[in-house]
Amino acid sequence: MKTLTCDLCDHEASAQTFEEWMQALKPHYGQAHADVMASKKGTPEEMRAEMTKWIEENKARFDAA
Ligand SMILES: [Zn+2]
């Protein structure tokens, strides 16, 4: 079980795997950082690239934890 903070604030989420951690963080992200998600809105390609980058950065953080 790993506990990692949100990449935007100090909200913590715990999970066994990165995929579970991402699921655990999703409701928090939608509530606390809806403005950030809205500001990243672009073409589907841009949003996919942004999401891929986010996943890579946070997976690295999760693996290092
Ligand atoms: Zn947060």
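Pairing residues of the stretch 6-29 that are near the ligand (Cβ under 9 Å from one of its atoms) with residues that are modelled with pLDDT of 95 or more and part of a strand (DSSP E or B), at Cβ distances under 6 Å and at least 6 apart in sequence or on separate chains, gives LEU25/ALA13. For the stretch 16-42, the set of residues classified as of a type in the set (Ser, Thr, Tyr) and over 17 Å from LYS53 (Cβ atoms) consists of THR17 only. Please work out which residue is nearest to ALA60 (Cα to Cα), limiting yourself to the stretch 12-32 and to residues that are out of contact with any strand residue (DSSP E or B) (no Cβ under 6 Å at 6 or more places or on another chain) and polar (S, T, N, Q). Among residues in the stretch 12-32 that are out of contact with any strand residue (DSSP E or B) (no Cβ under 6 Å at 6 or more places or on another chain) and polar (S, T, N, Q), the one nearest to ALA60 (Cα to Cα) is THR17. Of all residue pairs spaced 6 or more apart or on separate chains, none has beta-carbon atoms under 6 Å together with a first member in the stretch 46-65 that is touching a residue at least 60 places away in the same chain (Cβ under 8 Å) and a second member that is of a type outside the set (A, V, I, L, M, F, W, C) and loosely packed, with under 12 Cβ neighbours inside 10 Å.
The values are calculated or read from the model by the stated rules, or taken from the named source; none is laboratory data. The structure displayed is predicted, hence computed values, not measured ones. When we count neighbours, we look across all protein chains shown, and the Cβ atoms used for this are built from the backbone with ideal geometry, even at glycine.
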